[in-house]
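*Asks:* Let me begin by handing over the structure; questions about it come next.
We did not get these values from a lab; they are worked out from the coordinates using the rules stated. The structure presented is a predicted model; accordingly, all values stated were derived computationally and were not measured. Here the Cβ is made from the backbone with ideal geometry for all residues, glycine too, and neighbour counts use every protein chain on show.
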Amino acid sequence: MTASLWRTSRFAIDLARPQVMGIVNVTPDSFSDGGAHASTGAALRHCIQLLEEGADILDIGGESTRPGSPAVPLDEELARVVPVVREAARLGVPVSVDTYKPEVMRAVLDAGADIVNDIWALRRPGAVEVVASHPACGVCLMHMHRDPQTMQMAPMSGDVVPVVREFLEERTAALTERGVAPERIVLDPGVGFGKTVEQNFALLARQGELLMSGRPLLAGWSRKSSLGAVTGIDAAGERMVPSVAAAVLAADRGAAIVRVHDVRETVAALAVWRAMKQEHRGKDSRQ
Ligand code: YH5
């Protein structure tokens, strides 16, 4: 296996070992009348904490995309996210922004973000143009069935693995045709986005089929409801152990990046996995 790179605005991210993307949610601070400033400070402190815990990439998001969550208006998302990105871009690691709005993409790239992480895979009008007109930003294209409001009402039917694979290949082609270098693109099966529990686990078991698309994979299992379904843990905040298990399984099946809330625990678990892999391959032929 050849070590691959993810080219982004400022960083060529080495994917020879799985990268840990730490999730930073920027939400309004209801306990303060400081408004945007209060939430910027809290989010930045969270960024710094995740870096201390070993995060390789920060993923900043201003809108909760949990099933059924209300959409955040454009100006509100901009006010939440842009100040955090401007500061986070000085921390020395790649900064990704979880957004599907082209106006937010443009603003965060101007503010120094390195990666656009889009659950809509740049299918919203204007989004492809923002990424294609940027000289070098990275992009994560995620599969989602339907939309966040309706995806769980009618999950996908049939064998999801080839459907997800073909979708991701089609979106990759749409971008490369617009001049985006393949090295800038990472793909994501979109765990929980309009899939049944069984379908999500099929995407994990058969992740190798998605790797055939030729681009690195990002896996986002952290705290998702499928982990609640198989463990009986109803509270998302109590799903750390199943989330770490899923991250290790995804890495073992070839995921290049894992998107997680619990960075410290994931980094430790991946260190164990990596020690095993190094012995398995022989220390001198590490790849
Ligand atoms: C993803 O998979 N997910 S936002 C519900 C939860 C817990 C977490 C019920 N953005 C992804 O994290 N970007 C989100 O418990 C993402 N891949 C990429 N690339 C949803 C989320 C979550 C939802």
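*Asks:* Please identify, among Leu249, Leu109, Leu187, the residue showing maximal mean-square fluctuation in a Gaussian network model of the chain using a 10 angstrom Cα cutoff.
*Replies:* Leu249
*Asks:* Under a crude label model (7 Å from the Cα following the beta-carbon direction), how far is Arg123 from Ala235 in nanometres?
*Replies:* That separation, rounded to one decimal, is 3.5 nm.
*Asks:* Taking K and R as +1 and D and E as -1, what net charge do the other residues with C-beta under 11 Å from the C-beta of Ala89 add up to?
*Replies:* Working: positive: Arg10, Arg86, Arg90; negative: Glu87, Asp110, Asp114.
Combined, the nearby Lys, Arg, Asp and Glu give 0.
*Asks:* How much net charge surrounds Met156 when only other residues with a Cβ under 12 Å from its Cβ are counted (Lys, Arg +1; Asp, Glu -1)?
*Replies:* 0
*Asks:* Strictly greater than 11 Å: what percent of every Cα pair in the stretch 42-83 meets that?
*Replies:* Everything past 11 Å amounts to 70 percent.
*Asks:* With the contact rule set at Cα under 8 Å and sequence spacing of 6 or more, what percent relative contact order holds for the stretch 54-134?
*Replies:* 29 percent
*Asks:* Just to be sure I understand the curve: with the Debye formula and one point per C-alpha of the stretch 59-151, what is log10 I(q)/I(0) at q = 0.20 Å⁻¹?
*Replies:* Per q value, in the given order, log10 I(q)/I(0) is -0.93.
*Asks:* Something else about it: What full-extension length gain, to one decimal in nm, is calculated for Gln49 and Ala136 as 0.36 nm per residue of separation minus the Cα-Cα distance? Before the final figure, lay out the partial values.
*Replies:* Values: separation 87, 0.36 × 87 = 31.32 nm, distance 2.77 nm.
28.5 nm is the gain from fully extending Gln49 to Ala136.
*Asks:* Still on this structure, I have one more. About the Cα centre of the chain, what is the dipole size in debye to 20, counting +1 per Lys and Arg Cβ and -1 per Asp and Glu Cβ, all else neutral?
*Replies:* 620 debye
*Asks:* Could you check the simple spin-label distance between Arg66 and Asp159, using points 7 Å along Cα→Cβ, in nm with one decimal?
*Replies:* Taking the two extended label points, one gets 3.5 nm.
*Asks:* If I model a spin label at Asp252 and Thr27 as a point 7 Å from the Cα along the Cα→Cβ vector, what separation in nanometres do I get?
*Replies:* 3.2 nm
*Asks:* A follow-up question, please. Kindly point out which whole DSSP H helices in the chain project their C-alpha atoms 30 angstrom or further along the helix axis while averaging a Kyte-Doolittle hydropathy of 1.0 or above. Write out the running numbers ahead of the final one.
*Replies:* Numbers: long enough: none.
Helices meeting the span and hydropathy rule in the chain: none at all.
*Asks:* Compare the Cα positions of Gly214, Ala247, Gly22 along the charge dipole of the chain (+1 at Cβ of Lys, Arg; -1 at Cβ of Asp, Glu; about the Cα centre) and return the one farthest towards the positive end.
*Replies:* Gly214
*Asks:* Net charge near Leu141, counting Lys/Arg +1 and Asp/Glu -1 over other residues with Cβ under 11 Å of its Cβ?
*Replies:* On the way: positive: Arg123, Arg171, Arg184, Arg215; negative: Asp118, Glu169, Glu170, Asp188.
Spelling it out: positives minus negatives among the neighbours equals 0.
*Asks:* Give me the Kirkwood hydrodynamic radius of the chain in Å, from all C-alpha pairs, to one decimal place?
*Replies:* 19.1 Å
*Asks:* How high is the relative contact order of the stretch 136-209, given as a whole-number percent (alpha carbon pairs under 8 Å, six or more residues apart)?
*Replies:* This gives 51 percent for the stretch 136-209.
*Asks:* The stretch 93-225: D in µm²/s via Stokes-Einstein (Kirkwood Rh, Cα pairs, 10 °C, 1.306 mPa s)?
*Replies:* 106 µm²/s
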